[in-house]
1. Determine ³J(HN,Hα), in whole Hz, for all residues of the stretch 168-173 in sequence, where each value follows from phi through the Karplus function 6.51 cos²θ - 1.76 cosθ + 1.60 and θ = phi - 60°; x replaces Gly and Pro.
2. What is the Cα coordinate range of the stretch 84-129 on the first, second and third principal axes, sorted by size from largest, in whole angstrom?
3. Quick check: the distance between the Cα centres of the stretch 51-89 and the stretch 13-29, to the nearest angstrom?
4. Report the local net charge at Leu112: Lys and Arg +1, Asp and Glu -1, summed over other residues whose C-beta lies under 11 Å from its C-beta.
5. What is the helix-to-structure angle for 119-134, meaning the angle in degrees between its Cα long axis and the longest Cα principal axis of the chain, kept from 0 to 90 and rounded to the nearest 10?
6. Return the label of the correct value of mean projected area of the Cα convex hull in nm², as calculated from the structure shown, out of (1) 13.5; (2) 19.9; (3) 12.9.
7. Could you tell me what fraction of 2.2 N^0.38 Å the Cα radius of gyration of the stretch 109-150 comes to, as a two-decimal ratio?
8. Could you work out how far the C-alpha centroid of the stretch 93-123 sits from that of the stretch 130-185, in angstrom?
Amino acid sequence: LNDALLESELFGHEKGAFTGASRTHQGRFERAHGGTLLLDEITETQPAFQAKLLRVLEQMHFERVGGGKNIEVNVRVISTTNAPILDHVQQKRFRADLYYRLAAVTLHVPPLRARREDIVPLVWLFVNQFAHETARRITAIDTATLGLLRQCEWPGNVRQLRNVVRTALIFGAGDVLSLSDVPWLIEQLQPQRTVDLHDAPEEGTGSLQDVE
């Protein structure tokens with residue numbers, strides 16, 4: 001969302017505040033009063049909006065777009081990013097004062113490849129999540145499938161694993177979860193093999209079959 005829409009979405013707007021504002025709209029902060037608001041990918045916001053957000057976090061009150069009434073809220077704010085946020089701060093792409101306001105408690109979640117012990121519990125979580133949708137009752141996970149899931153580097157992290165499990169449920173059959181019915185996924189998940197140039201045949205030597 002651009003800054004104007006983002007401000008309206010988070011802080012709300014009054015009827016007639018802009019073209020198309022046919023009714024009063026309560027923003028996310030107002031609806032989250034007494035609860036928690038998650039701001040995903042906080043580093044994607046622009047500096048002008050960051051200044052407004054900092055003011056709201058400091059004072060915990062704001063006015064709707066086009067309004068004059070002061071609205072007080074009590075909201076726990078959690079923000080996330082997968083970008084190196086300190087680099088953004090040093091490059092002045094993210095306000096330092098907002099970063100230190102948000103970073104009162106910092107939780108670093110390692111990528112899935114760094115916590116492979118989580119893969120099996122997550123697989124079962126997604127199996128249970130999508131079992132009804134896919135009309136599958138899974139009682140076991142194929143050994144070869146588990147081995148491949150454990151070896152994958154998971155560049156897409158948990159979301160990628162979730163989509164793999166869902167796809168396997170949709171295209172598979174029976175009560176054992178297996179990737180055998182989705183060969184394109186097996187190819188995608190194969191660990192990338194590093195080619196040793198010292199093992200490559202010299203140019204002009206050997207048959208085509210040997211080179212391949």
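The values are calculated or read from the model by the stated rules, or taken from the named source; none is laboratory data. Quick caveat: nothing in here was measured; it's all calculated off a predicted structure. Here the Cβ is made from the backbone with ideal geometry for all residues, glycine too, and neighbour counts use every protein chain on show. Please note that ligands, DNA and RNA were not included when accessible areas were found on the heavy atoms of the full protein model with its side chains. Shrake-Rupley method; radii C 1.70, N 1.55, O 1.52, S 1.80 Å.
1. 5, 5, 5, 8, x, 8
2. So the three principal-axis extents are 42, 18, 16 Å.
3. Centre-to-centre distance over Cα atoms comes out at 18 Å.
4. Local charge sum for Leu112: +3.
5. 80 degrees
6. Among (1) 13.5; (2) 19.9; (3) 12.9, the one calculated here is (2).
7. Compactness ratio reported: 1.27.
8. Value for the Cα centre distance between the two parts: 25 Å.
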